[in-house]
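Written below as structure tokens is the structure these notes are about.
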Amino acid sequence: MRGLPDIVSEIEAEMDERDTVRELAVKSSRAIGRLASSAIRGMHRRQDVGDTVRSMRDEVAKLRAVLGDHPDLYHSGMVANALQEVAEAAIVEALLRGTPLPGPREIGVPSAAYLLGLADAVGEVRRFALDALRAGDVPASEGHLAAMEEILEALLRFDYPAALVAIKPKQDVARALVERTRGELAVAARGVELERKLDALAKRL
């Protein structure tokens, strides 16, 4: 029969390993969050963020490898938040490029993190829609609104307990953002049409 010192030593070794892995996960999650934020800022500045997105995905792959034997840490809040930001950045980049959206497996994130990132992408796309409106580019703004509406329609298919995915609050936010953007776009479009009519009238006078 093993003595208590042996049992305690075994537990201590296990806890030391978990603590080391947790520290690595904290650093990696922070790096991932910084890369995701940098990518989204770059997109708003109309920069090519391909390298940043690739670095972000590489860091996600490293994190998954480190936490392969620690699924509880992988699904912890700290890591989940970082992976949610990864999904958001990858989705927004695809929308701006006009390429098919990557799925959770392609990005390397759990389905729940992907859905939450997809919901957050609505807010970022709204910013692009408003930028287009300010520039007087109504068609571009309409395209962004169409993307927001498509995402919202997809999000509303999910009606699960918060224990599985806390999507309900984000659905409400996304719906409000779509409705607000739709109203702002309608006002802008009427303004553009009125301006065209006035220009046409001025030319006839």
How many residues are surrounded by 15 or more Cβ atoms within 10 Å (Cβ to Cβ) and assigned to a loop (DSSP other than H, G, I, E, B) if we restrict to the stretch 81-107? 2
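Among the residues of the stretch 158-171, what is the count of those that are within 11 Å of Val122 (Cβ to Cβ) and among the charged types (D, E, K, R)?
Quick first cut of the stretch 158-171, residues within 11 Å of Val122 (Cβ to Cβ) only: 170-171.
With the extra rule that they be among the charged types (D, E, K, R), the set shrinks to 170.
Count: 1.
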So for the stretch 20-32 (the condition being among the hydrophobic types (A, V, I, L, M, F, W, C), within 30 Å of Ala129 (Cα to Cα) and part of a loop (DSSP other than H, G, I, E, B)), does at least one residue qualify? no
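Looking for something assigned to a helix (DSSP H, G or I), of a type in the set (Lys, Arg) and farther than 15 Å from Ile107 by Cα - is there at least one such residue anywhere in the stretch 36-45?
Taking the stretch 36-45 as the starting set, the residues that turn out to be assigned to a helix (DSSP H, G or I) are 36-44.
Within this subset, residues satisfying the condition of being of a type in the set (Lys, Arg) are 41.
From the residues that got through so far, the ones that are farther than 15 Å from Ile107 by Cα too are 41.
Taking every residue of the stretch 36-45 in turn, at least one turns out to be assigned to a helix (DSSP H, G or I), of a type in the set (Lys, Arg) and farther than 15 Å from Ile107 by Cα.
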Matching residues in the stretch 35-73 - criterion: being buried (at least 16 other Cβ atoms within 10 Å of the Cβ) and without any contact (Cβ under 8 Å) to a residue 12 or more places away in the chain: Gly42
Pull up the stretch 117-143, narrow it to residues that are free of Cβ contacts under 8 Å to residues at least 24 places away in the same chain and either in contact with a helix residue (DSSP H, G or I) (Cβ under 6 Å, 6 or more places away or on another chain) or not acidic (Asp, Glu) (or both), then point me to the one that is surrounded by the most Cβ atoms within 10 Å (Cβ to Cβ). Ala132
Does Gly33 satisfy the criteria of being modelled with pLDDT under 95 and touching a helix residue (DSSP H, G or I) at 6+ places or on another chain (Cβ under 8 Å)? yes
Taking the stretch 121-178 and the residues there that are outside any helix (DSSP H, G or I) and among the aliphatic types (A, V, I, L, M), the one that is farthest from Val92 (Cα to Cα) would be Ala163
Has the stretch 69-80 got at least one residue that is under 23 Å from Met148 (Cβ atoms), assigned to a helix (DSSP H, G or I) and not assigned by TED's automatic domain parsing to the domain that holds Ala186? no
Any idea how many residues of the stretch 73-97 are closer than 15 Å to Asp48 by Cβ and out of contact with any helix residue (DSSP H, G or I) (no Cβ under 7 Å at 6 or more places or on another chain)? 2
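The values are calculated or read from the model by the stated rules, or taken from the named source; none is laboratory data. Just so we're clear, the structure is a prediction, and the values are computed from it rather than from any experiment. Glycine gets a Cβ as well: all are built from the backbone with ideal geometry, and neighbour counts include every protein chain shown.
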